[in-house]
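K.L.:
My questions all concern the structure below.
None of the figures in this text is laboratory data; all of them are computed from the coordinates on show. Quantities reported herein were computed from a predicted structural model and do not represent experimental measurements. All Cβ positions, even for glycine, are placed from backbone atoms using ideal geometry, and neighbour counts span all protein chains on display.
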Amino acid sequence: MNFDTLREQQTARCPVTDAQAERINYVQEEYRHDDILWVGIGANPAESGEELREFCQKRGMVFPFYQDPQAKIQKLDLVGP
């Protein structure tokens, strides 16, 4: 199965991310059957894995969420032609 992947850079310490959590969950749920994989990326190297895990659990996030302490993903140009 081929998936389109949407990556979302988030931080547990950002009030905008916190405010958008419900919308992010809605969009992920709406399109999860359309071969789209939503992946959260912890973009703040100061946040611990436990802090991110707690953030996701409190907001009911049900998609994969990875920590990127060196911000390698953020530095990539993933926009296609």
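K.L.:
Going by C-beta contacts inside 10 Å, put Arg13, Arg59 in order with the fewest on the left. Present the calculation step by step, with values, prior to reporting the outcome.
P.N.:
Values: Arg13 12, Arg59 17.
Arranged by neighbour count, lowest to highest, Arg13, Arg59 become Arg13, Arg59.
K.L.:
Can you sort Glu29, Glu47 by how many other beta carbons sit within 10 Å, fewest first?
P.N.:
Working: Glu29 12, Glu47 17.
Placing the least packed residue first, the sequence is Glu29, Glu47.
K.L.:
At 0.36 nm per residue, minus the direct Cα-Cα distance, what do Leu76 and Asp35 gain on full extension? Give it in nm, one decimal, please. Could the numbers behind the result be given before it?
P.N.:
On the way: separation 41, 0.36 × 41 = 14.76 nm, distance 2.29 nm.
The Leu76-Asp35 span can extend by a further 12.5 nm.
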